[in-house]
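Some notes on the structure that comes next.
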Amino acid sequence: MIVQAIAFYAFAAVTLAAAVMVIAARNPVHSVLFLILAFFNSAGLMVLLGAEFLAMILVIVYVGAVAVLFLFVVMMLDINFAELRQGFLQYLPIGGVIGLVLLAELLLLLGSDAIGSIAPAVASSAPTPPINEVTNTAALGELLYTRYVYLFQAAGIVLLIAMVGAIVLTLRQRVGVRKQSVGKQLRRRREAAVELKKVVPRGGV
Amino acid sequence: MAEVGFWGGYAWPALLIALKVLAIVLPLLLIVAYVTLAERKVMAAMQLRVGPNVVGPLGVWQSFADALKMVFKETILPTGANRVVFLAAPALMFTLAMIGWAVIPFDDGLVLSDINVGVLYLFAISSLGVYGIIMAGWASNSRYAFLGALRSAAQMVSYEVSAGFVIITVLLAVGSLNLSDIVEAQRDLWLVIPLFPMFVIFFVSALAETNRHPFDLPEAESELVAGYQVEYSALTFGLFFIGEYANMCLMSALTTILFLGGWLAPFDVAPFTWIPGIVWFALKIALCLFVFVWVRATLPRYRYDQLMRLGWKVFLPISLFWVALTAVVLVVFDWLPQT
Amino acid sequence: MDPHALPALLPALPELWLCGAALALLMIGVFGGDRSTRPLCYLAIAALLVTFVLLLLGPEGRTVTFSGMFVVDPFGVFTKGLVLIGAMLAIVLSLGYIRHEGMERFEFPVLIVLATVGMLLMISANDLIALYLGLEMQSLALYVIAAFRRDSLRSTEAGLKYFVLGALASGMLLYGASLVYGFTGTTSFEDIARAVSVPGATDALGTLVGLVFILAGLAFKVSAVPFHMWTPDVYEGAPTPVTALFAVAPKVAAIGLFLRVMLEPFAALAGDWQQVIVVISIASMVLGALAAIRQTSIKRLMAYSSIGHMGYALIGLAAGSAEGVRGVLIYLAIYVVMNVGTFAVILCMRRGQGMVEDITELAGLSRTHPMLALAMTVFMFSLAGVPPLAGFFGKLYVFMAAIHAELYGLAVVGVVASVVGAYYYVRIVKLMYFDAPTDAFERPIRGEMAAVLVATGVLTALFFVYPAPLLAGAATAAAALVP
């Protein structure tokens, strides 16, 4: 157990530290790198929980694809962060007040007796497959494609809309771009491209 | 629960694991050293040259000479480079190339960690590889390096998509994410036969993922000098170099496991089964590596737009179609693997 | 029951059909290119019409499917019908606009259809996750449509503003939903209703805080004060037919969702949310009436007008009774008709070089376009709530419900606000009839535009002659929600 505990505290501490550094780092690229570190350590936490499928998917999707593109963009941006921070102090009071209100609410919740009534008043209606018998990949699939199929499909449509939207807003047909057409290239015959000329020595073409 | 002592409970198991890790990493480094030599020899043969033949008989000590040279040269930090990231990048690259081997089954039961999401683990590791490159390119503070890194990021992310779909087809056919199970499922028929187009796509994607010819645009000598590695020297370069070849080996191992039946003998009859599985496994990897080199010696480099076109407009639709086709065939003929 | 069995698909047939139709339209568009925009618009209208028919043919009474996440009931059918009509008319109104303004891109009708799918799913949501997904589907498509004229600074600004604030609202909604889930242990509406109606659970602070956040998120979507800030800018910046769409379909869907969420899972907490709704409602009515007075752009004016109207609609919700819900539904139906008509007039405001949006451009319309001026007069008086036009009855029913629920203050504020609000509606009528004419708008008015104008105008003006079908439909729908 002690190994798990050490691993948990290590992952959790690094996640938190990295998360703090995401907003504290001066260099935006460093921020993104810290974000990636935070993702990675959260994946570690999920492994400790026994949710290895989610852990791997987190790494593949967020670290391996989303954050790469993020990093890609941030590296190419030329942001003056000193300038960006100027507004920060100006908005700090209101932001701080909102933060404090939320914090107070949370503390109120945690401190009140309400925490006792967390226990679900209704029996869980989701039949979770037995955790010890099936791998959690299979268990997730079992629920996702039966009970939650509606939500799964709806999420798919949301993503489709996002894709269509991104194309609508950014794709521009530029004029005057020469594109490769493989078919056209293959259809081209020797006769159309090459002309043989008999060159008389010292005669020139 | 019984009280476990420090030595019996923690120290010995930890030591044992460390030994196992060493037992994988050391031979691996040796193999990588000889893969580089083999590549030069094979290419030389294909181009009717002799190849390295000065250091030792037939040049067998060449790799060690190269290694020594790399270790003893000076590590140069470019001015304006981001020191931490600059040094972290090759270390990351090297580490990732090594930790992938943790889940590779070399033989029946001969695996460091037999986790049941092995394929996903490998996929995750290979998708992390891009960070080594992109960090190196950015931290070098050099145009060539940065362009190389950008190319590589786009390229690796693009080909990961089709590689992912190929893996999904294999998973559909096998019904498990565990690498040993995947190999065992191929006892009767290697998956390369029913899923041949997927095998081709996977292999080509592997070439692109490892930035090998004909997709070596991130380090295209003629355009970008050496791409993301341009500012690296000595040991830092060496780590990239080892990492790259270890990745090639890892991708070959993955191809072997997914499509070529892993440690299984090609025919399940007497003379073939006498040979231990690990030898078959090594032979199959060697075959894949040979194809890597063969491709390099044969094909010209792709242009960038062609590369993207191939990834998104050819491989992605085909692999997507095959995922659907495989699923339909499995359901219609009731061949779904029972788990 | 076999967990692998297919869920009952028949109750969700209209949504499934519309979804499939959207995908088919997308494929046609991709292969046909932007030339196919116009046929796609017609096809989209046809698809929405078929959905409407399927909706009416659907099961009677209350049916749930997809593991209880999707509910079909008369209330849903009524609201969905309104949404479909709104979306259809918005596409009809955009036909001419997209041609003149060079907006002929095939994604336009497809995105409207997809947004409509999202609205239908929203109305049918019977689970917090389903609610969120429907809402997000709708919003995401609308963000894109708002920024559809990407070369226009104002349109992109509208899209961006809508997106950023919408994302904030979604965040609040999710935060609330997670709190509710945490404190009740379920996302299903029925189970939440059961959990909060347990004696002693009504004062569970966590659920209440969650409810407040959900309320805030929903209030944003219906653009009720104090979450209304995005509305004028988005209305002004978005292409005009898109504004017409925004003014009707998403509003109806959001109010429908609002009603369902408040009256189904959280019915037992009525005492707690009622006060919030009363405040929001009063603030919306007052702000809508006062802020609209100073506007010069007709689109901004309509934005404030819609904020005010949402305030009136929320009166019915505050009443919390079946009569209140009926009032809201009647109000929404009339609101859709009036607004579509008004936007049809606004879309006719074009001269040689393009659209004009200033209110003063309407001056003297009675002399240059007498029929257009007449239609606009009908709509303006109706929006102001002048009897015997339709708008008056809408207000009448919600005020009645408020009085029966003993919310006298709310009713009084409502009446005062509508008197104040009448000022700016009447000002437009005065401009049209008593001021010197400016240049005439372009002629002729397109056929489909004229048809929409006549239809909505007649409905608005002559509603009092035969109101029975609407009243009966709304009553059935309301009875489904509040027994």
Got a sec? Which of A:117, A:125 is surrounded by 11 or more Cβ atoms within 10 Å (Cβ to Cβ), modelled with pLDDT under 80, in a helix (DSSP H, G or I) and within 9 Å of chain C (Cβ to nearest Cβ)? A:117
In the list B:157, B:130, B:84, which residue meets the criterion of being within 11 Å of chain A (Cβ to nearest Cβ), out of contact with any helix residue (DSSP H, G or I) (no Cβ under 7 Å at 6 or more places or on another chain) and within 20 Å of residue A:32 (Cβ to Cβ)? B:84
Selection count where residues are farther than 21 Å from residue A:51 by Cα and of a type in the set (S, T, N, Q), scope the range B:156-183: 3
Determine whether residue B:211 is in a loop (DSSP other than H, G, I, E, B), closer than 30 Å to residue B:78 by Cβ and of a type in the set (S, T, N, Q). yes
Being within 14 Å of chain A (Cβ to nearest Cβ) and surrounded by 12 or more Cβ atoms within 10 Å (Cβ to Cβ) is the filter; apply it to the range B:321-339 and report the residue that is nearest to residue B:148 (Cα to Cα). B:327
Test: residue C:196 is on the phi < 0 side of the Ramachandran plot, modelled with pLDDT under 85 and part of a helix (DSSP H, G or I): yes
Scanning the range B:263-296 for residues that are assigned to a helix (DSSP H, G or I) and in contact with a strand residue (DSSP E or B) (Cβ under 8 Å, 6 or more places away or on another chain), the one modelled with the lowest pLDDT turns out to be B:277
Of these, C:68, C:32, which one is among the small types (Gly, Ala, Ser), in a helix (DSSP H, G or I) and either at pLDDT below 95 or at positive phi (or both)? C:32
Looking at the range C:342-372 only, could you name the residues that are buried (at least 21 other Cβ atoms within 10 Å of the Cβ) and not in a loop (DSSP other than H, G, I, E, B)? C:342, C:343, C:344, C:345, C:346, C:347, C:362, C:365, C:366, C:372
Residues C:300, C:260: which one is of a type in the set (Lys, Arg), within 15 Å of residue C:321 (Cα to Cα) and assigned to a helix (DSSP H, G or I)? C:260
Could you check how many residues of the range B:105-144 are of a type in the set (A, V, I, L, M), more than 21 Å from residue B:159 (Cβ to Cβ) and in a helix (DSSP H, G or I)? 1
Determine if the range C:210-220 includes at least one residue that is on the phi > 0 side of the Ramachandran plot and surrounded by 24 or more Cβ atoms within 10 Å (Cβ to Cβ). no
Reported set for the range C:409-421 where residues are surrounded by fewer than 20 Cβ atoms within 10 Å (Cβ to Cβ) and either β-branched (Val, Ile, Thr) or modelled with pLDDT of 90 or more (or both) is C:412, C:415, C:416, C:419, C:420
On the given criteria, is residue B:164 within 11 Å of another protein chain (Cβ to nearest Cβ), within 18 Å of residue B:312 (Cα to Cα), under 16 Å from the mean Cα position of the chain (by Cα) and part of a helix (DSSP H, G or I)? yes
Can you pull out the residues in the range C:1-18 that are in contact (Cβ under 8 Å) with a residue 24 or more places away in the chain and either within 14 Å of chain A (Cβ to nearest Cβ) or surrounded by fewer than 21 Cβ atoms within 10 Å (Cβ to Cβ) (or both)? C:7, C:8, C:9, C:10, C:11, C:12, C:13, C:15, C:17, C:18
Taking only the range C:103-131 into account, find how many residues are assigned to a loop (DSSP other than H, G, I, E, B), closer than 18 Å to residue C:32 by Cβ and not basic (Lys, Arg). 3
Output for the range B:54-75, where each listed residue is surrounded by 13 or more Cβ atoms within 10 Å (Cβ to Cβ) and without any contact (Cβ under 8 Å) to a residue 60 or more places away in the chain: B:55, B:56, B:58, B:59, B:60, B:61, B:62, B:63, B:64, B:65, B:66
If a residue counts only when it is in contact with a Lys or Arg (Cβ under 9 Å, 6 or more places away or on another chain) and at pLDDT below 85, which helices (runs of 4 or more DSSP H) contained entirely in the range B:1-104 have at least 3 such residues? none
Would you check which residues across the range C:140-164 are buried (at least 24 other Cβ atoms within 10 Å of the Cβ) and either farther than 14 Å from residue C:246 by Cα or away from chain A (no Cβ under 11 Å) (or both) and list them? C:158, C:162
Tell me whether the range C:206-217 contains one or more residues that are under 30 Å from residue C:101 (Cβ atoms), part of a helix (DSSP H, G or I) and more than 14 Å from every other protein chain (Cβ to nearest Cβ). no
If a residue has to be within 10 Å of chain A (Cβ to nearest Cβ) and out of contact with any strand residue (DSSP E or B) (no Cβ under 8 Å at 6 or more places or on another chain) to count, how many in the range C:172-196 make the cut? 15
Candidate set from the range C:222-242 (those that are surrounded by fewer than 24 Cβ atoms within 10 Å (Cβ to Cβ) and not hydrophobic (A, V, I, L, M, F, W, C)); member that is modelled with the lowest pLDDT: C:226
Residue under evaluation residue C:186, criteria (1) in contact (Cβ under 8 Å) with a residue 12 or more places away in the chain; (2) under 25 Å from residue C:268 (Cβ atoms), criterion not met: (1)
Do the conditions hold for residue C:21, that is, is it surrounded by 15 or more Cβ atoms within 10 Å (Cβ to Cβ), more than 18 Å from residue C:131 (Cβ to Cβ), touching a Phe, Trp or Tyr at 6+ places or on another chain (Cβ under 9 Å) and modelled with pLDDT of 90 or more? no
Name the single residue, out of those in the range C:65-122 being of a type in the set (Lys, Arg) and away from chain A (no Cβ under 13 Å), that is farthest from the chain's Cα centre (by Cα). C:99
Provide a single number: the residues in the range C:414-456 that are closer than 30 Å to residue C:318 by Cα and not aliphatic (A, V, I, L, M). 7
Helices (runs of 4 or more DSSP H) fully within the range C:388-483 counting 2 or more residues that are closer than 23 Å to residue C:345 by Cβ and touching a residue at least 60 places away in the same chain (Cβ under 8 Å): C:390-404, C:408-434, C:447-461
Suppose we keep only residues that are farther than 17 Å from residue C:142 by Cβ and among the aliphatic types (A, V, I, L, M) within the range A:158-176. Which one would you say is surrounded by the most Cβ atoms within 10 Å (Cβ to Cβ)? A:171
Members of the range B:167-189 that are of a type in the set (Val, Ile, Thr) and within 14 Å of chain A (Cβ to nearest Cβ): B:167, B:168, B:174, B:182
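The values are calculated or read from the model by the stated rules, or taken from the named source; none is laboratory data. Quick caveat, the model's predicted, so the values are computed rather than measured. Heads up, the Cβs are rebuilt from the backbone with ideal geometry, glycines too, and the neighbour counts pull from every protein chain shown.
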